[in-house]
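The values are calculated or read from the model by the stated rules, or taken from the named source; none is laboratory data. These numbers were taken from a predicted model, which means no experiment stands behind them. Because the Cβ atoms are built from the backbone with ideal geometry, glycine has one as well, and the counts that use them run over all protein chains shown. For the accessible areas, the whole protein counts, side chains as well, though only heavy atoms, and no ligand, DNA or RNA atoms are used. Shrake-Rupley method; radii C 1.70, N 1.55, O 1.52, S 1.80 Å.
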Amino acid sequence: MNRTELAERLRHEGVPDALYEIRGVHSVPIQLDAYYVLRPEADAWLVLLRQRGQDSVIARLGTEAEACRFLYDTITKVPPPVPGGAERVDRLLANSDEIQRQAEEDFERAPRHGVDDHMSQDGDGPSDASGMSRGVVGLPWGGRPRRWQFGGGT
């Protein structure tokens, strides 16, 4: 398989275009945080993982066919199931109401560090050490909007 055939096969498999770049054949239409790159070098073919602009060599192969096969297998391979995973999912689904109830109870009992301790003088929101409100509007306390004022709370 060559680069053109690889691009065709990946499209046929439904692999999103944004997950791979094949130099000279297929460019990434949207730059994700991470995607694969296949590129030729003077003495080898490289398969790279580009993460946030940094390239990591995954494989250095001798021929285009080997590199294409490696990238195809890497992108299309489905990881094996986690042992006991299906049973765990079934248990979670069967107990989802109880899990939700317990999460809500835990949330209500959780301490609210930093919220009440840092209210501005007018009680409208967090303030810094000088008593100045941060000027943010949000719904973090009790689900009701609060208008935070700039200044010393007046």
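Laid out as a table, the results:
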| item | result |
| --- | --- |
| Qualifying positions in the range 46-76 - of a type in the set (A, V, I, L, M, F, W, C) and outside any helix (DSSP H, G or I) | 46, 47, 48, 49, 57, 58, 59, 61 |
| Every residue from the range 42-55 that is touching a residue at least 12 places away in the same chain (Cβ under 8 Å) and not small (Gly, Ala, Ser) | 45, 46, 47, 48, 49, 50, 51, 52, 55 |
| Filtered residue count, the range 3-30, keeping only those that are over 19 Å from residue 65 (Cα atoms), open to solvent by 50 Å² or more (accessible area, probe 1.4 Å), aliphatic (A, V, I, L, M) and in a loop (DSSP other than H, G, I, E, B) | 1 |
| From the options 33, 55, 43, residue that is modelled with pLDDT under 95 and open to solvent by less than 80 Å² (accessible area, probe 1.4 Å) | 55 |
| Search result, residues across the range 69-105 that are modelled with pLDDT of 85 or more, loosely packed, with under 10 Cβ neighbours inside 10 Å and under 30 Å from residue 6 (Cβ atoms) | 73, 77 |
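Yes or no, residue by residue, for (1) within 19 Å of the chain's Cα centre (by Cα); (2) over 16 Å from residue 74 (Cα atoms):
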| site | (1), (2) |
| --- | --- |
| 16 | yes, no |
| 24 | no, yes |
| 27 | no, yes |
| 32 | yes, yes |
| 48 | no, no |
